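Q: Mind looking over this structure? Questions follow.
FYI, it's all coordinate maths here, none of it is from the lab. Here the structure is a predicted model, which is why all the values come from computation and not from measurement. Please note: Cβ atoms are built from the backbone with ideal geometry, for glycine as well, and neighbour counts cover all protein chains shown.
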Amino acid sequence: MSSRKILSLLGAVGALALMATQADAHARVVASTPAASATVASPSAITVTFSERVAPAFSGLSVVNAAGAAFAVTTTVSADGKTVSGRTARPLAAGAYSLNWHAASADGHRMTGAIAFTVR
């Protein structure tokens, strides 16, 4: 195999490795309170923790019950930029809820998700 072919092959492998690294660079949820599928007493605080910093201006939480009613959430981002925390204006009644989150990672990639939980 010629050195030109070897260099081309190495370049292609390097480019693929770089693309794979960039694809994995987005923040992902590593923990939440309440945890996914948990049954809890009405939570005094809700949190979603990410694997890397998120942009505070593009990150937040909302809570919706099974009937689709939304509950206002006051949201803050931790000093390390990895945890989005919030509090509802009033305690949540018994029932099923969805903790909806939205965030943007450092590279600008916007993400959304939902974490289901139940209040007993």
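Q: Beta carbons within 10 angstrom, averaged per residue: use that to sort the peptides 69-76, 26-33, highest first.
A: On the way: 69-76: 13.6, 26-33: 16.2.
Ranked by mean Cβ neighbours within 10 Å, highest first: 26-33, 69-76.
Q: Now for a different question. If the label point is 7 Å along Cα→Cβ of ALA96, which residues in the stretch 54-80 have backbone nitrogen under 19 Å from it?
A: The answer is 62-71.
Q: Tell me the net charge near ALA103. Cut-off is 13 Å between Cβ atoms, ALA103 excluded, with +1 for each Lys or Arg and -1 for each Asp or Glu. Could you put the intermediate results ahead of the total?
A: On the way: positive: ARG28, ARG53, LYS82, ARG110; negative: GLU52, ASP107.
So the surrounding residues net to +2.
Q: A further question follows. In nm, to one decimal, how far is the modelled label at ALA67 from the one at ALA38, with both set 7 Å along Cα→Cβ?
A: With each label placed 7 Å out from Cα toward Cβ, I get 2.6 nm.
Q: How large is the Rg to Rh ratio of the stretch 18-120 when both quantities use alpha carbon positions and Rh follows Kirkwood?
A: Checking Rg against Rh, the ratio lands at 1.01.
Q: Sum up the charges of everything whose Cβ sits under 9 Å from the Cβ of GLU52, counting Lys and Arg as +1 and Asp and Glu as -1, but leave GLU52 out. Working shown, then result.
A: On the way: positive: ARG28, ARG53, LYS82; negative: none.
Result for the local shell: +3.
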